[in-house]
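The values are calculated or read from the model by the stated rules, or taken from the named source; none is laboratory data. If you're wondering where the values come from, they're calculated on a predicted model, not measured in any experiment. So basically every Cβ, Gly included, is an ideal-geometry build from the backbone, and we count neighbours across all protein chains shown.
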C-alpha cells in the first residue's frame with residue numbers, strides 16, 4: 001500500500017514518536033521533540049550505531065564534545081568564511097529564499113551550484129518570488145552558523161558559534177587522541193550530538209531541521225597507505241546503485257555494482273573511502289533498511305563542501321519525496337588538520353617510524369533524524385485490510401513486549417503483573433490492561449512492539465502464555481518459565 | 001589517602017575521561033569534552049538513570065526535546081524576567097563578579113540572597129574587587145540565558161534562547177503527554193540533554209560549566225492527593241543527614257534521620273516530595289555513592305528559584321571542595337502549568353472523574369557532570385603503596401574487561417584475540433598487548449576496568465584464563481568456555 005507523508009506525520013504525533021516543538025505556542029519551524037516512543041527508538045538506533053562503529057571495533061575511539069567551542073576553531077576550519085548558502089531576496093516583498101531550492105522546486109535540474117550558474121538558471125527560467133511574484137536579487141552569501149555571546153558583554157569579542165558539525169572537535173582534539181591511540185594509524189574518532197544550522201526554510205518534516213543530531217566518524221589514515229584497507233573483504237561484495245558524477249552529468253541512471261568493482265573502476269578517492277561507503281551500507285542493511293532503497297550518489301564538483309576532495313551521499317528512497325541524502329561520506333584529506341596547525345601553531349601529526357604523518361581523513365556523517373526518518377518510513381507497513389504496523393527490528397523497537405491480560409479483571413491482571421515484572425528485568429516492556437485485546441494489539445503494532453504476551457484462561461491452568469508476532473499475527477504458546485529464554489532466542493534469530 | 005582536585009583533573013585528561021574543550025586554542029572557559037573513557041562512563045551513567053527512572057517504572061514517560069524552543073516559552077516561564085544572578089561591577093577596572101560568590105570566597109556566610117542583603121554584606125565586610133581592589137557597584141541583574149537568532153534577520157524579532165533547563169519542554173508538551181498517559185495522575189515526564197547558562201565565572205573543574213547536561217523528571221501529582229504516595233515504603237527507611245532551613249538559620253549541624261521520620265516531622269512540602277528525595281538517594285546508593293557522603297539541604301527562602309515552593313539539594317562531600325549540590329528536588333507546584341495556560345490560552349489540566357485537575361509538580365533535577373564528578377571522586381582510590389584505581393561499579397565501568405596475553409608474542413596473541421572476540425559480543429572490552437603485564441593492569445585500574453583476563457602459559461595447555469579483580473588484585477582461574485557466564489554472574493552479584 002502507498003504511504004503518504006501525512007499519514008506518517010500523524011502517526012508520529014498521535015503515538016508519541018516525534019512532533020514539532022512548542023506546539024502550544026504555534027510551534028517553531030525546524031525544531032522537533034521526540035516523544036515517549038520516539039525517544040526509545042532513537043536511543044536504540046544510536047546505541048546500535050555506537051556498538052557497531054565504536055564498541056565492536058578496535059580502531060575507533062569515542063568522544064562527546066561540547067556544542068560550543070572556542071570561536072577560533074570556526075575561523076580556522078573555514079566555516080566563518082565558507083559555511084554558506086546562496087540566497088536571493090525578492091526586490092518587492094523582501095522575502096528570502098535559497099536559490100538552489102527555488103530552482104529544484106520548479107523541477108529545474110542543477111549541475112553547477114556556483115552563484116553565477118544559479119543566477120543564470122534563475123534568469124533563464126524566469127524564476128520569481130514564490131510569495132508575490134517579484135523579481136529576485138543576485139544570489140548572496142548567508143552563513144548557516146548560529147551565533148551566541150559568552151560572558152556578560154555582548155559584542156564582537158564575545159561571539160561564539162553553535163557547532164554546525166561535530167567533526168571540528170575531532171580535529172581540535174586530534175593531538176590528545178593520537179596519544180590515546182598510542183601513536184598508531186589508522187584510527188578513528190566517533191561522536192554524535194546536536195548541531196545547529198540556520199536554515200532559511202526548514203522543510204520535509206524532520207528532513208531539514210534547524211536543530212538536529214549528527215553521528216560522525218573521522219577516520220585518520222596514512223596517505224601513503226590510502227589503498228591498504230585490511231577490512232575491505234568485509235564490504236567488497238555489497239551490491240548497490242552507484243551514481244558517479246560522470247554518469248549524472250551524462251544524464252544517465254545510477255549503475256548497480258559491487259563496492260569492490262566500483263573501487264577497481266576508480267570510483268572512490270581511495271580504498272578506505274570505498275570501505276566506509278560499504279561499511280555504512282552494511283549497517284543500514286542490519287538495521288532493516290533494504291539496499292534496494294539505497295543508492296550512493298557522488299557530489300558534483302560545485303556541490304562539494306569547501307573541505308572535501310570527494311563526497312558520496314547515501315540516499316534513501318522516501319516514497320513521498322524521492323531520493324534524499326541520509327548520510328554523507330567525504331574525503332576531507334588533510335584540509336582540517338593543516339588549517340588547525342596553521343592557526344593554533346600546534347603540531348598535528350602522528351610519528352610513524354621516523355615519518356611525521358599528517359593523516360588524511362575519511363568522514364562518514366549520518367543525519368540521525370534522517371536515518372530515524374528512513375527507519376520509520378521503511379518499517380511503516382499497511383496491509384490491504386488496513387492494518388498498520390511498524391516492522392522494526394527488535395533491537396530498534398520501542399518495546400520488546402507488551403503484556404496483556406485477556407480480560408481486564410482478576411485474576412488475569414495479577415498474573416499479567418507477575419509476567420510484566422519478570423520480563424522487565426531483561427527487556428523494555430509495558431503492561432496494557434485497557435480496551436479489547438484486539439485494540440491493544442493494534443496500538444502495539446502501530447509503534448512496532450515486537451511481541452505481544454497474552455495471559456488467557458489457559459494461563460491460569462498451566463502457567464503458559466501466548467507470544468503473538470507483530471508482522472504475521474501468528475501465535476505460539478510457551479511456559480512462563482521459558483518466556484525470557486524464548487524471547488532472547490527470537491531476538492537473536494531475527495532477520 | 002587524601003585526594004586532590006589536581007590529581008583528579010590530571011587523571012581525567014591523561015586517560016581520556018574529561019578535559020577542557022578547544023585546548024589547542026587556549027581552551028574555552030566552562031566547556032568540556034568527554035574522551036574515549038569518559039564517554040563510556042557517561043553513557044553507562046545515563047543508561048542506568050534512564051533504566052531506573054523510566055524503563056523500570058510504569059509511571060514515567062520519556063521525552064527528548066529540542067534545545068531551542070519558541071522564545072515565548074521563556075517569557076511565559078518567567079525566565080526572561082527572573083532567571084538571573086546578582087552581579088557587581090568594579091568601579092575602577094570594570095571587572096564583573098557574582099555577588100554571592102565574592103562573599104562565599106571570603107568565607108562570609110549568606111542567609112539571605114536578596115540584592116539588599118548581598119549589598120549590605122559587601123559593605124559590612126568591606127569586600128572589594130579581587131583583581132584591583134577597587135570599590136564595587138550595587139548588585140544588578142544579569143540574565144543567565146544565552147541568546148541566538150533564528151532566520152536570516154538578526155534583530156529583536158528573531159531572538160531565541162538556548163534552554164537553561166529541560167523542564168519547560170515537559171510543561172509545554174504537557175497536553176500531549178496527558179493523552180500519552182491516558183488521562184491519569186500521577187505521571188512523570190523524564191528528559192536529559194544539554195543546557196546552557198552564561199555563568200560569569202565558571203569554576204571547580206566540571207562543577208560549574210557554561211554548557212552542561214541535566215537529567216530531569218517532572219512528576220505531576222493531584223494536589224488533593226499530595227500525601228498519598230503508594231511507593232513511600234520503598235524509601236522511608238533510608239537514613240541520611242538532613243539540613244532544614246530552620247537548622248541552618250539556627251547555625252546547627254544537619255541531623256541524621258530517616259526519610260520517613262523527616263516526612264512525619266513535616267520537613268517536606270508533601271509525601272511525594274519526600275518520596276523523590278528518597279528515590280534519588282536510593283539511586284545514588286546503587287551507583288556506588290555512599291549515603292555517608294551525601295546530605296539533604298533545604299533551600300533558604302531567599303535562595304529559592306522563582307518557581308519553587310520548597311527545594312532540597314542533595315549535596316555530595318567532595319574532599320577537595322566540601323559539600324556541593326549534585327541534584328535539586330523542587331516542588332514547582334502548578335506555577336509553570338498556570339503560566340503556560342495564561343500565555344498560550346491552552347487548557348493544561350487532567351480530567352479526573354469530573355474534576356479538571358491542574359497538577360502540582362515535583363522536580364528531581366540532576367547535574368549530569370556533577371553526578372559524574374561525584375562518581376569519579378567516590379571511585380578514586382589510592383592505596384598506601386601508591387596504587388591508583390577507580391572503584392567503579394561494573395555497570396559504570398568504561399570496560400568490563402581487558403584482555404591480556406601474558407607475553408606480547410605468539411601463540412599468546414592469537415589466543416588473546418580469540419578470547420577478546422568471544423567477550424566482545426557480550427561486554428565492553430579491549431585487547432592490550434603492549435608493555436609488561438603489571439603496567440597493563442595499572443593502566444586498566446586507573447580507568448576502572450572491572451576484570452583483567454590474562455592468557456598465560458597454562459591457557460595454552462588447558463584453555464583456562466585468569467580473571468583478576470581490580471579492587472583486590474585477587475585472581476581466579478576459569479575455563480574459557482565458562483568465561484562469559486562467570487563474568488555475567490560476577491556483575492550480577494556485585495555490591
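Numerical summary
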| item | result |
| --- | --- |
| One residue from B:266, B:278 being more than 14 Å from chain A (Cβ to nearest Cβ), on the phi > 0 side of the Ramachandran plot and not in a strand (DSSP E or B) | B:266 |
| Search result, residues across the stretch A:340-362 that are in a strand (DSSP E or B) and in contact with a strand residue (DSSP E or B) (Cβ under 6 Å, 6 or more places away or on another chain) | A:350, A:357, A:360, A:361, A:362 |
| Every residue from the stretch B:22-43 that is within 18 Å of the chain's Cα centre (by Cα) and either more than 7 Å from chain A (Cβ to nearest Cβ) or over 17 Å from residue A:68 (Cα atoms) (or both) | B:30, B:37, B:38, B:39, B:40, B:41, B:42, B:43 |
| Residue satisfying all of: in the stretch A:152-164; assigned to a loop (DSSP other than H, G, I, E, B) and either touching a helix residue (DSSP H, G or I) at 6+ places or on another chain (Cβ under 7 Å) or crowded, with 19+ Cβ neighbours inside 10 Å (or both); farthest from the other protein chains (Cβ to nearest Cβ) among these | A:164 |
| Any chance residue A:306 is touching a helix residue (DSSP H, G or I) at 6+ places or on another chain (Cβ under 7 Å) and assigned to a loop (DSSP other than H, G, I, E, B) | yes |
| Any chance residue B:24 is touching a residue at least 40 places away in the same chain (Cβ under 8 Å) and more than 30 Å from residue A:399 (Cβ to Cβ) | no |
| Criterion: touching a strand residue (DSSP E or B) at 6+ places or on another chain (Cβ under 6 Å) and touching a residue at least 12 places away in the same chain (Cβ under 8 Å) - qualifying residue of A:365, A:384 | A:365 |
| Failed item, numbered, when residue B:5 is tested on (1) more than 8 Å from chain A (Cβ to nearest Cβ); (2) within 30 Å of residue B:302 (Cβ to Cβ); (3) modelled with pLDDT under 95 | (3) |
| Search result, residues across the stretch B:309-339 that are surrounded by fewer than 16 Cβ atoms within 10 Å (Cβ to Cβ) and either free of Cβ contacts under 8 Å to residues at least 12 places away in the same chain or touching a helix residue (DSSP H, G or I) at 6+ places or on another chain (Cβ under 6 Å) (or both) | B:320, B:322 |
| Residue satisfying condition, being under 36 Å from the mean Cα position of the chain (by Cα) and at pLDDT 95 or above, within set B:462, B:432 | B:432 |
| Yes/no for residue B:194 being out of contact with any strand residue (DSSP E or B) (no Cβ under 9 Å at 6 or more places or on another chain), at the interface with another protein chain (Cβ under 9 Å from one of its Cβ atoms) and in contact (Cβ under 8 Å) with a residue 24 or more places away in the chain | no |
| Test: residue in the stretch B:44-55 that is within 7 Å of chain A (Cβ to nearest Cβ) and either assigned to a loop (DSSP other than H, G, I, E, B) or in contact (Cβ under 8 Å) with a residue 24 or more places away in the chain (or both) | no |
| Matching option when the condition is surrounded by fewer than 22 Cβ atoms within 10 Å (Cβ to Cβ), within 30 Å of residue B:196 (Cβ to Cβ), away from chain A (no Cβ under 14 Å) and touching a helix residue (DSSP H, G or I) at 6+ places or on another chain (Cβ under 7 Å), among B:371, B:377, B:464 | B:377 |
| Segments classed as helices (runs of 4 or more DSSP H), wholly inside the stretch A:64-127, with at least 1 members that are more than 14 Å from every other protein chain (Cβ to nearest Cβ) and closer than 28 Å to residue A:166 by Cβ | A:79-82, A:99-105 |
| Lone unmet requirement of (1) in a helix (DSSP H, G or I); (2) farther than 19 Å from residue A:330 by Cβ for residue A:183 | (1) |
| Scope the stretch A:206-241; condition over 21 Å from residue A:375 (Cα atoms) and outside any loop (DSSP other than H, G, I, E, B); matching residues | A:218, A:219, A:220, A:221, A:223, A:224, A:225, A:232, A:233, A:234 |
| Unmet criterion (only one of (1) away from every other protein chain (no Cβ under 14 Å); (2) modelled with pLDDT of 95 or more; (3) within 17 Å of the chain's Cα centre (by Cα)) for residue A:209 | (1) |
| Qualifying residues in the stretch B:138-151 (those that are part of a loop (DSSP other than H, G, I, E, B) and crowded, with 16+ Cβ neighbours inside 10 Å) - the one modelled with the lowest pLDDT | B:151 |
| Residues located in the stretch B:1-43, provided they are closer than 21 Å to residue B:201 by Cα and part of a loop (DSSP other than H, G, I, E, B) | B:21, B:22, B:26, B:27, B:28, B:29, B:30, B:31 |
| Test: residue A:473 is more than 16 Å from residue A:420 (Cβ to Cβ), surrounded by 12 or more Cβ atoms within 10 Å (Cβ to Cβ) and either within 14 Å of chain B (Cβ to nearest Cβ) or more than 32 Å from the chain's Cα centre (by Cα) (or both) | no |
| Scope the stretch B:476-491; condition part of a helix (DSSP H, G or I) and under 16 Å from residue B:450 (Cα atoms); matching residues | B:483, B:484, B:485, B:486, B:487, B:488, B:489, B:490, B:491 |
